[in-house]
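As structure tokens, the structure follows; a few thoughts come after it.
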Amino acid sequence: MAKVFLPSAIIQLLADIMTQLATSTHSKDHPFPAVLRENRLLNGPGSAKETRHFVIDIEGSGITYLAGDSLGVFPANDPRHVEEVIRALGATGDEPVILPKTDEPLPLREALFGRLSLAGPSRKTLEAFAGRVTDERERERLEELLRPESRVVMMEFLSHRELIDLLEEFPSARFAPAEIVEHLRRLVPRLYSLASSPVCHPREVHLTVAVVRYRTNERDRLGVCSTWLAERVPLYQPVVPVFMSHSHFGLPEDESRDIIMVGPGTGVAPFRAFVQERAAKGSPGRNWLFFGDQRRETDYLYGDEFEDYHRRGVLQRLDLAFSRDQTEKIYVQHRMLENAAELWSWIDGGGMFYVCGDAQRMAKDVDAALHEVIRRGGNLDEEAAAEYVKQMKRDKRYLRDVY
Ligand SMILES: Cc1cc2nc3c(=O)[nH]c(=O)nc-3n(C[C@H](O)[C@H](O)[C@H](O)COP(=O)(O)OP(=O)(O)OC[C@H]3O[C@@H](n4cnc5c(N)ncnc54)[C@H](O)[C@@H]3O)c2cc1C
Ligand SMILES: NC(=O)c1ccc[n+]([C@@H]2O[C@H](COP(=O)([O-])OP(=O)(O)OC[C@H]3O[C@@H](n4cnc5c(N)ncnc54)[C@H](OP(=O)(O)O)[C@@H]3O)[C@@H](O)[C@H]2O)c1
């Protein structure tokens, strides 16, 4: 009978791995076994979002950081998902497997839990299934998907599937445990912008994480790392493998420089760190934050802190865009354009311009708004405004941390 992971077994397994990892120099290849000290929901009741504040203890790691850096976190898959895959493979989970580029055998269950990605199947995975199916209808379906003319259809098909879907949709394809692991990608670490400043919190880091849950192909999916941190990491145990990823995205050395920060949603994380640090140091430069999320009532992340900084004059400007509090969408770039003249005066005076958060839509629209602010403020044509923005990038005063 297949073994079922008990929470205590998982904790022991993680603790064993962590003991092996615990030494004094830490990097991506040698992560530090950190402790999760706090796991707090930032959204209020009724919110459509789940954004969490995590405090991770790095005491004793020797890890140092700067505001603007990111933390790399190695997650583990959901054990329920691992057991589903083991069942669909017709395995027990105890079978020894050897991962590509390694020579130490380990049990299949352990490989699927902490080393391999169960998501993101590729064309190669489909080809492996096509080579194994014995059922004629399944073979035809796979061959159809793999035709060069079906590329778009195949990409769409894959974007809604994980390994478990393929095992269930093509059950005649049988793989030995030792073979299936050759078709899976490595489970890679996820990066999170730090939401704390080392000046205030030298021995811990804070993260602001959007927990990823969605439904595709009639299955509920869990973002691996965000739900691992949210639901499956026990507090106060050294089981979170982390490393520091240093960044170009930092505060100016010259503390008298003004900074403009555009960070909707989790994009606010590094700006919480920036404002914390500028307040703690009493930096003379001015601070302007543009923040947005769905609803003020439930989604104003760190709202109390930012309102307090604003009252105390640490944040000279705080402009908010709650997209779903009215019928028309209001986003951070709309607030930028409403304040174009003043924004231009900060930029033209040498201010830094930072953007953090969603890369696909927000960062592009904010970039377009920045061009427009410069075009209007400087009374420039489009080409000259574009050149001004390019120069800001060359001068490293237009910095982005987008994902
Ligand atoms: C420099 C940097 C800084 C970052 N900082 C932060 C941060 O401060 N806070 C933060 O929350 N994240 C941040 N991220 C993103 C973070 O690294 C992870 O990508 C994110 O948490 C998702 O990881 P996961 O393991 O939970 O989800 P995964 O298991 O990696 O799943 C995410 C994938 O699921 C798919 N997906 C997601 N939603 C849907 C949907 N609705 N429909 C279909 N498919 C979908 C997409 O393919 C997506 O890539 C940052 C990324 C980088 C590169
Ligand atoms: N798939 C998921 O389940 C899921 C969940 C959370 C986050 N994410 C991803 O994780 C990243 C961060 O998410 P997040 O929670 O930090 O916030 P987010 O999803 O980026 O949303 C933050 C705010 O930005 C608004 N927004 C949407 N489009 C925008 C645009 N073009 N320009 C400016 N603002 C825009 C949103 O409004 P509206 O939402 O009202 O349009 C919301 O008010 C994003 O890449 C997001 O796609 C995915």
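Taken together, the values in this text are just the output of simple stated rules run on the coordinates, not laboratory data. Please read all numbers here as calculations on a predicted model, not as lab measurements. Cβ sites come from the backbone with ideal geometry, for glycine too, and all protein chains shown count toward neighbours.
Our note on the geometry: Cα centres of segment 236-276 and segment 207-224, 24 Å apart.
A helix-only calculation puts the chain at -10500 deg cm²/dmol for mean residue ellipticity at 222 nm, using -39500 (n - 2.57) for each DSSP H run of at least four residues, averaged over all residues. For the peptides 190-198, 344-352, 308-316, 212-220, residues were scored by their other Cβ atoms within 10 Å and the scores averaged per peptide; the highest-first order is 190-198, 344-352, 308-316, 212-220.
About its Cα centre, the dipole of segment 104-147 is roughly 140 debye, where the only charges are +1 on Lys and Arg Cβ and -1 on Asp and Glu Cβ. May I ask what percent, to the nearest 5, of DSSP beta bridges between residues of the chain are antiparallel? Given both bridge residues lie in the chain, the antiparallel proportion sits at roughly 65 percent.
Amide hydrogen proximity for Leu116: with H placed 1.01 Å from N in the peptide plane, the residues at 5 or more positions away or on another chain lying under 5 Å are Leu187.
If you wrap the tightest convex hull around every Cα atom of segment 76-188 and split its volume per residue, you get 99 Å³. Assuming charge only on the beta carbon of Lys and Arg (+1) and of Asp and Glu (-1), the dipole of the chain about its Cα centre is about 300 debye to the nearest 20.
Here the translational diffusion coefficient of segment 362-403 follows from Stokes-Einstein with Rh set to the Kirkwood radius across Cα pairs; for 20 °C and 1.002 mPa s it amounts to 203 µm²/s.
Each of Ile86, Thr125, Leu142 was placed along the dipole of segment 76-188 (beta-carbon charges, centred on the mean Cα), and the one lying farthest toward the positive end is Thr125.
Averaging over every viewing direction, what projected area does the convex hull of the Cα atoms of the chain cover, in nm²?
If I average the Cα hull's projected area over directions, I get 23.3 nm².
Segment Arg213..Arg40, full-extension length gain: 60.5 nm, with 0.36 nm per residue of separation and the alpha-carbon distance subtracted.
The Cα-based radius of gyration and maximum Cα-Cα distance (Dmax) for segment 259-402 are 14.7, 41 Å.
Evaluated over the chain, the count of Lys pairs having alpha-carbon atoms less than 24 Å apart is 9 (only pairs 8 or more residues apart or interchain).
For Asp293, Asp401, the sequence from fewest to most other C-beta atoms within 10 Å is Asp401, Asp293.
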